[in-house]
1. Please tell me if I260 is among the β-branched types (V, I, T), touching a strand residue (DSSP E or B) at 6+ places or on another chain (Cβ under 8 Å) and farther than 24 Å from Q165 by Cα.
2. Here are some residues: G220, G160. Which one is at pLDDT 95 or above, under 19 Å from the mean Cα position of the chain (by Cα) and of a type in the set (G, A, S)?
3. State whether the residues of the range 51-59 include one that is hydrophobic (A, V, I, L, M, F, W, C), over 15 Å from the mean Cα position of the chain (by Cα), surrounded by 14 or more Cβ atoms within 10 Å (Cβ to Cβ) and at pLDDT 95 or above.
4. Being surrounded by fewer than 17 Cβ atoms within 10 Å (Cβ to Cβ), within 22 Å of S242 (Cα to Cα) and out of contact with any Phe, Trp or Tyr (no Cβ under 8 Å at 6 or more places or on another chain) is the requirement here; does A315 meet it?
5. Any idea how many residues of the range 248-279 are surrounded by 20 or more Cβ atoms within 10 Å (Cβ to Cβ) and assigned to a helix (DSSP H, G or I)?
6. If the Cβ limit is 6 Å and pairs must be 6+ apart or interchain, which residue in the range 197-208 that is outside any loop (DSSP other than H, G, I, E, B) pairs with which residue that is at pLDDT 95 or above and buried (at least 18 other Cβ atoms within 10 Å of the Cβ)?
7. Only one of these is more than 18 Å from L210 (Cα to Cα) and under 20 Å from the mean Cα position of the chain (by Cα): M145, M127. Name it.
8. With a cut-off of at least 2 residues that are surrounded by fewer than 19 Cβ atoms within 10 Å (Cβ to Cβ), name the strands (runs of 3 or more DSSP E) lying wholly within the range 66-155.
Amino acid sequence: MCAYLGIDPEPVRFLDVIQQVVVPKREVLERLGVDTRGLYPLCSHNWGVEGQDLGDCYEHTDEWGFTHRLPKPDGLWWCQVRSPLSGTCLSAEAIREHRWPDAARPERIRGLRTQAEQYRAQGKIVMLKGLCAGLFEMGLRIRGMENFLCDLLTDPAPAGLLLDQLLDLKKQFWAMALEELGDLVDIVVEVDDYGTQGSQLIGYPTFQSLIAPRLRDLIGFLKDTLARQKQPPERGYVFFHSCGNIRPFLPDFIDMGIDIINPVHINAAEMGPARLKEDFGHAITFWGGSVDAQSILPYESPRKVRDAVKTNLTALMPGGGYVFTSIHNIQAEVPPANITAMWEALQEFGQY
């Protein structure tokens, strides 16, 4: 993309080594008129990721005890291959004795206040990323997906203890980070993935009984902590990321106080943009949903990208409450001409 725009691509700075996501260069952000800026604390995805060469891949074990591998010679991201608590049964003792990371370690946010002050001086909206993936997703990573999905149904008591441990670590991080940065941060970012292309990874009753109360606790904690750092009328907003078909969960998200939903996976079942806007646009901001990122953005012509963006803007813009951006990370196979077509369509059709 830098080469396409005539911008020197070096140096590259990773915000997420595991997913191989880089921080766009300032010149790219300015050229595209991006009005947000991210603060990226040190975490297991960008701190001390050192791969051991195993011949056909690199291997790395992070601060949570997750083992990842990057295939050689042309792997595009690291994949988790081992989980630290993957035994048959989950026990309170195993949870208690696991070596958990120091969530409130001040090093994680070193230098971020200076960055935030610079972004504020430039008139940008400042966003602060969290410590790790969401409560549900971290449970999957710690136990292994098949084990944790079974835990939620057949052994919910220890599964709840694990979720409580994760919730406590998240609170420790946010308390430390917002004490230092809360007055400069406009939006805090939390994530969890509940949706698949067709439905959800867990049924609504499981979400409601085990996940939702703890997620509500976390969102309330974020809102209260941000409010203490702000001088009225300033306020902070909670941005929540969840892929796939999450339509059944949207009323709960709104009731919890989530302000922004991302990435707006418009080509998943029940996630058509017009219906989403009609049913929920009055209560929550949609952030993403610009163009189908699985088939149109990577593989169709710039003209088809333009037409798709126009359709989605027509659905999502009315009445405000929409932030234009791609659906999730733009992958390696997307032509720069299609990214430019997406942006040019925004300039043409994204005006009130």
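1. The answer is yes for I260.
2. G220
3. yes
4. No; evaluated as a whole, the condition is false for this residue.
5. 5
6. Listed by first residue and then by second, the contacts come to Q200/Y194; T206/L152.
7. Step by step, each of M145, M127 is checked, and only M127 is more than 18 Å from L210 (Cα to Cα) and under 20 Å from the mean Cα position of the chain (by Cα).
8. In the range 66-155, 67-71, 79-82 are the strands (runs of 3 or more DSSP E) which contain 2 or more residues that are surrounded by fewer than 19 Cβ atoms within 10 Å (Cβ to Cβ).
The values are calculated or read from the model by the stated rules, or taken from the named source; none is laboratory data. The structure presented is a predicted model; accordingly, all values stated were derived computationally and were not measured. FYI the Cβ positions are ideal-geometry reconstructions off the backbone, even for glycines, and counts take in every protein chain you see.
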